[in-house]
Amino acid sequence: MDNIILQSDDLENQHLNNKTILNIKDLSVDFKTLAGTVNVVRDINFSVNAGETMALVGESGSGKSVTAMSILRLHDEEKVRYSSGSIIFNGEDLLNIDECHIKNVRGSQISMIFQEPMTSLNPTFTVGDQIMEPLLIHKGLSQAAAKKRALDLMELTGIPDPHYRFDAFPHLLSGGQRQRMMIAMALACDPKLLIADEPTTALDVTVQLQILLLLEKLQKEFSMAILMISHDLNLVKRFADHICVMQEGNIVEQNEVDTLFNNPQQAYTIQLLNSEPERMIPEHETITSRIDTELLSAQHLHCQFSVKSGFFRRTSKIINAVDDIHLYLKPGETLGIVGESGSGKSTLGRCLLRLEHCNGEIVFDQQKIDHLAHKQLRPLRKEFQVVFQDPYSSLSPRMSIEQIVGEGLKIHFRHLNKKQRREKIQKTLLEVGLEDDILWRYPHEFSGGQRQRIAIARVVILEPKLILLDEPTSALDVSVQKQVLALLRDLQLRYKMSYLFITHDLKVIEAVAHRVMVMKEGKIIETGVTGELFNSPKEDYTQRLLTASLFK
């Protein structure tokens, strides 16, 4: 793997650690909408030096990603206008060069890691082919050399069994594995500037640490500049040199990281720094000891997937995604499920709700459901619901908010007339902190936090007994994350709902879970009451997870 580091064309520039790679001056960006021109970024000024990490932080909609995408001119040229300013990279203004020139810059001199790898990777090509593409285009490598380099990059970024994964399509990989593929692709041509838009959002804490340490190592080797966009302030504190705080299209404060964290000057910055999740469950609240009945239980749960490779797509490997799992969940309890990417967390959740084929016994509300056909399960679907990680892809863009939130009522509450349904929808929207005048609007008109509240409203309106929360706050900035966690806790107390909470963020689990279950390679490694497990883990793997999270 060391040969990857030694192959950089830019080693000769390592001594230029203080050279300014990127200088953005007085940048203003306007978007053209049906309602007119909207100014989304105003008079942005900052610079990034070789070998330096600059972080852009701020709430959803503050203009961070708009600024980053402007550097590579990734916005639709017909819908965007750069009303003023310049973006100087290596001495030339990227806003004034032609399309052919900017294409040569993209991927070769400036690379970008996007936040959502599933929508960034091409579903019709294998991940191996997609990593090879920039090597073939920008480096002119042969097919054999490009494949070897791609496999080395996959190994370097922590992809298990890279030879098996090379021929896999994106939908066959976990979220963390897809993100590592994106990082391998971005690093392929040894760029001078790496734009990392939430580069570790979909990764568990151990892989986060590995990836960020890897980026640090490559940055030192190549004097690579990094522009990091993140809502994780503790991650920024650990890895960034300078920080810009953005709010509503403006930079409200910028400084060296240590100075800003120790002595913030602006009220908005102080608000962001105080948005870390806190323990929401009192220590004396022990669901396990005071309730004898179980809402959900599983015995000897198994789920297997086959990996296909080669021209004829023959089965080459069997993966035990869920391997002999036993668990239980009590009414009103939150069970946190944590583990590394690919450990089987999401697959287990889907198996428990009969969304994935599996073997074993599943009992829900004192009724065996593992043998039920889909038609028999349909009446029970009302009682167990799912909130997905990415609300933007889980909410239909063609349906209004009223249609989305009220869809389940038409199936499970057929006795309600149109007026009663609308009243129930309005009441639920108010309960999740949204105004009832949004009924006729569409998902794209809302921020990430608002879309997640809509997704929660769609579930809560059915008054389920169990909700599977699959990374419900991973894509949210810290202030919105805290609000959503408080909302979930309030709804749980109000309706006595149980949560299966899947996440890689141990801070979130510590805040909301009564008990924690640690998974590795499809097996339960350790389980226990949250406080006890966090303070005195028994297994080495659990200790490694907790140690990796301490860098936060």
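From the list 360, 332, 342, 336, which one is out of contact with any Gly (no Cβ under 9 Å at 6 or more places or on another chain) and not in a strand (DSSP E or B)? Among 360, 332, 342, 336, only 332 is out of contact with any Gly (no Cβ under 9 Å at 6 or more places or on another chain) and not in a strand (DSSP E or B).
Residue 489 falls short on exactly one of the conditions (1) free of Cβ contacts under 8 Å to residues at least 40 places away in the same chain; (2) part of a helix (DSSP H, G or I); (3) touching a strand residue (DSSP E or B) at 6+ places or on another chain (Cβ under 9 Å), and that condition is (1). I'd like to check something: does the range 81-90 contain any residue that is out of contact with any helix residue (DSSP H, G or I) (no Cβ under 8 Å at 6 or more places or on another chain), within 22 Å of residue 138 (Cα to Cα) and at pLDDT below 90? Taking every residue of the range 81-90 in turn, at least one turns out to be out of contact with any helix residue (DSSP H, G or I) (no Cβ under 8 Å at 6 or more places or on another chain), within 22 Å of residue 138 (Cα to Cα) and at pLDDT below 90.
Yes or no, residue by residue, for (1) buried (at least 18 other Cβ atoms within 10 Å of the Cβ); (2) touching a residue at least 12 places away in the same chain (Cβ under 8 Å):
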{"residue": "95", "(1), (2)": "no, yes"}
{"residue": "110", "(1), (2)": "yes, yes"}
{"residue": "114", "(1), (2)": "yes, yes"}
{"residue": "132", "(1), (2)": "yes, yes"}
{"residue": "142", "(1), (2)": "no, no"}
{"residue": "146", "(1), (2)": "yes, yes"}
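Based on this model, can you work out whether residue 533 counts as closer than 15 Å to residue 327 by Cβ, part of a helix (DSSP H, G or I), over 23 Å from the mean Cα position of the chain (by Cα) and not hydroxyl-bearing (Ser, Thr, Tyr)? The answer is yes for residue 533. Condition test on residue 498, is it among the hydroxyl-bearing types (Ser, Thr, Tyr) and free of Cβ contacts under 8 Å to residues at least 40 places away in the same chain? Answer is no for this residue. Exactly one residue among 502, 509 is at pLDDT 90 or above, in contact with a Lys or Arg (Cβ under 7 Å, 6 or more places away or on another chain) and in the same structural domain as residue 353 (by TED's automatic domain parsing), and that residue is 502. Being surrounded by 16 or more Cβ atoms within 10 Å (Cβ to Cβ), in contact with a Lys or Arg (Cβ under 7 Å, 6 or more places away or on another chain), in contact (Cβ under 8 Å) with a residue 24 or more places away in the chain and over 27 Å from residue 345 (Cβ atoms) is a condition met by at least one residue of the range 394-401.
Among the numbered conditions (1) without any contact (Cβ under 8 Å) to a residue 60 or more places away in the chain; (2) not in a loop (DSSP other than H, G, I, E, B), the only one that residue 459 does not meet is (1). Criterion applied to 379, 397 was being outside any helix (DSSP H, G or I), on the phi < 0 side of the Ramachandran plot and outside the structural domain of residue 174 (by TED's automatic domain parsing), and the one residue passing it is 397.
If I ask for residues that are assigned to a strand (DSSP E or B) and small (Gly, Ala, Ser), which ones from the range 86-102 would you list?
86
Inside the range 129-168, residues that are out of contact with any Lys or Arg (no Cβ under 9 Å at 6 or more places or on another chain), farther than 22 Å from residue 199 by Cβ, modelled with pLDDT under 90 and not aliphatic (A, V, I, L, M) make up a count of 2.
Residue count for the range 248-285 satisfying the condition of being touching a residue at least 40 places away in the same chain (Cβ under 8 Å), under 28 Å from residue 490 (Cβ atoms) and not charged (D, E, K, R): 7.
The values are calculated or read from the model by the stated rules, or taken from the named source; none is laboratory data. Just so you know, these numbers come straight off a predicted model, no measurement behind them. Neighbour counts run over all protein chains shown; Cβ positions are idealised from the backbone, glycine included.
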